[in-house]
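The values are calculated or read from the model by the stated rules, or taken from the named source; none is laboratory data. Here the structure is a predicted model, which means the values were calculated and not measured. Don't worry about glycine lacking a Cβ; one is built from the backbone with ideal geometry, like all the others, and counts go over all protein chains shown. Ligands, DNA and RNA are excluded from the accessible area calculation, which covers all protein heavy atoms including side chains. Shrake-Rupley method; radii C 1.70, N 1.55, O 1.52, S 1.80 Å.
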Amino acid sequence: MADDWNSSIIEEFRANGGKVGGPFAGGTLLLLHTKGAKTGAERVNPLVYRTDGDALVVFASKAGAPTNPDWYHNLRANPHVTAEVGEQTLEFVARVADEEERQRLWEALKQDAPGFADYEKKTDRQIPVVILDPAS
């Protein structure tokens with residue numbers, strides 16, 4: 001089910017220059033490309049993001065599930081990632097935010113997208129915040 005959901009979002013994103021409708025209408029969405037931690041296969045996931053200076057920030061919410069999403073494990077194993085942002089494909093190096101960064105970025109996200117506060121309430125885990133620094 002999640003694969004079908006993601007596939008339709010990815011298709012719409014690419015067909016419309018990075019814009020999608022439905023629950024993501026008007027939001028900032030990117031397509032994160034990671035390399036599978038176990039398989040090495042390319043994986044693509046649509047994710048909400050925020051900007052923080054030159055970096056992009058994504059959130060491993062998995063809609064409040066009890067475990068982190070697969071893409072999070074993939075980028076921890078292979079931090080060199082690419083992301084489709086609008087009509088551009090950019091290279092990044094991913095890192096998990098430190099506690100101070102996480103607090104600032106997570107609180108800002110919840111202000112802009114209150115649904116993420118609901119995800120936080122649904123899980124006992126701390127939702128990781130991942131910073132995508134531009135690769136030089």
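Brief remarks on what is shown
- For the stretch 8-21, the set of residues classified as among the hydrophobic types (A, V, I, L, M, F, W, C) and open to solvent by less than 50 Å² (accessible area, probe 1.4 Å) consists of Ile9, Ile10, Phe13, Val20, listed by residue number.
- Among the criteria (1) modelled with pLDDT of 90 or more; (2) exposed (fewer than 12 other Cβ atoms within 10 Å of the Cβ); (3) closer than 30 Å to Gln103 by Cβ, the one Ala2 does not fulfil is (1).
- Residue match in the stretch 22-37 (condition: open to solvent by 50 Å² or more (accessible area, probe 1.4 Å) and at pLDDT 95 or above): yes
- Residues that are in contact with a strand residue (DSSP E or B) (Cβ under 9 Å, 6 or more places away or on another chain), assigned to a loop (DSSP other than H, G, I, E, B) and either without any contact (Cβ under 8 Å) to a residue 24 or more places away in the chain or farther than 18 Å from Leu56 by Cβ (or both), drawn from the stretch 3-24: Lys19
- Only residues that are under 16 Å from Leu30 (Cα atoms), in contact (Cβ under 8 Å) with a residue 40 or more places away in the chain and either in contact with a Leu (Cβ under 9 Å, 6 or more places away or on another chain) or surrounded by fewer than 16 Cβ atoms within 10 Å (Cβ to Cβ) (or both) were counted in the stretch 62-79, giving 1.
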